[in-house]
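Have a look at the structure below, then the notes.
The values are calculated or read from the model by the stated rules, or taken from the named source; none is laboratory data. Computed from a predicted model, the values in this text were never measured in an experiment. Heads up, the Cβs are rebuilt from the backbone with ideal geometry, glycines too, and the neighbour counts pull from every protein chain shown. What goes into the accessible areas is simple: the full protein's heavy atoms, side chains included, and nothing from ligands, DNA or RNA. Shrake-Rupley method; radii C 1.70, N 1.55, O 1.52, S 1.80 Å.
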Amino acid sequence: MTSPTARNRQEIRVYVFTKDGVGLFDHDNHALISVVEGDHRGLCAGPQAFVKQAPVCLLMVADFEKYGSEADHAKTMVFCDAGIVSENISLYCAAAGLCTVPRGIMNHEGLIKLLNLSSKQIPVLNNPVGYAK
């Protein structure tokens, strides 16, 4: 049986957006794999410009191919897992003196194209991270 933690590592991909580029967090090796160069935080921002000012934006992408099912129950569980990842980001930020807010607003189509996501990989939530002004 796969532990919930190991399963979450497979089904939720975390992308890190900065002014310099986008990286994919490699859970197993605790490394950031460069995906694309350039400032693409605007795709996470959607109509909310404050997101473009955050030094980092973390994007959670549900990967149903890794989960092994696209049934309604599977979708519910994967979306819950994305919420748990987002909550962990929020808890860390609170402990470290950083600010964040979980968001569902983003340019889904633009992110799918930029990150070359498959039809089974869906941008779900994003957390801009920065300091309070």
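Could you list, in sequence order, all residues of the stretch 109-133 that are within 19 Å of K66 (Cβ to Cβ) and not in a loop (DSSP other than H, G, I, E, B)? First the steps, then the outcome.
Going through the stretch 109-133, the residues within 19 Å of K66 (Cβ to Cβ) turn out to be 111-112, 115-125.
Of everything in the stretch 109-133, those that are within 19 Å of K66 (Cβ to Cβ) and not in a loop (DSSP other than H, G, I, E, B) turn out to be L111, I112, Q121, I122, P123, V124, L125.
Could you grab me the full set of residues in the stretch 107-116 that are within 15 Å of R13 (Cβ to Cβ) and either within 13 Å of the chain's Cα centre (by Cα) or free of Cβ contacts under 8 Å to residues at least 12 places away in the same chain (or both)? Before you say what the answer is, go through the steps one by one.
Here is the first cut: in the stretch 107-116, the ones within 15 Å of R13 (Cβ to Cβ) are 108, 111-112, 114-116.
If the condition is that a residue be within 15 Å of R13 (Cβ to Cβ) and either within 13 Å of the chain's Cα centre (by Cα) or free of Cβ contacts under 8 Å to residues at least 12 places away in the same chain (or both), then H108, L111, I112, L115, N116 are the ones that fit.
Restricting attention to the stretch 106-133, and to residues there that are open to solvent by 60 Å² or more (accessible area, probe 1.4 Å) and of a type in the set (S, T, Y), which single residue is farthest from S90 (Cα to Cα)?
Looking at the filtered set, the residue picked out is S119.
Among (1) of a type in the set (A, V, I, L, M, F, W, C); (2) in contact with a Pro (Cβ under 8 Å, 6 or more places away or on another chain); (3) more than 10 Å from P128 (Cβ to Cβ), which single condition is A54 missing?
(3)
As an exercise: evaluate E65 against (1) modelled with pLDDT under 95; (2) over 13 Å from Y15 (Cβ atoms); (3) buried (at least 16 other Cβ atoms within 10 Å of the Cβ) and give the number of the one condition it does not meet.
Failing condition for E65: (3).
For every residue, the table says whether it meets (1) closer than 17 Å to V14 by Cβ; (2) open to solvent by less than 20 Å² (accessible area, probe 1.4 Å); (3) not in a helix (DSSP H, G or I).
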{"residue": "Q48", "(1), (2), (3)": "no, no, yes"}
{"residue": "V51", "(1), (2), (3)": "yes, yes, no"}
{"residue": "L59", "(1), (2), (3)": "yes, yes, yes"}
{"residue": "A74", "(1), (2), (3)": "no, yes, no"}
{"residue": "C80", "(1), (2), (3)": "yes, no, no"}
{"residue": "G83", "(1), (2), (3)": "yes, no, no"}
{"residue": "S86", "(1), (2), (3)": "yes, yes, no"}
{"residue": "I89", "(1), (2), (3)": "yes, no, no"}
{"residue": "A94", "(1), (2), (3)": "no, no, no"}
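Can you say whether N29 is at pLDDT below 95, open to solvent by 40 Å² or more (accessible area, probe 1.4 Å) and of a type outside the set (G, A, S), as far as the supplied structure shows? Give the steps one after another, and end with the answer.
Numbers: at pLDDT below 95: yes; open to solvent by 40 Å² or more (accessible area, probe 1.4 Å): yes; of a type outside the set (G, A, S): yes.
Yes.
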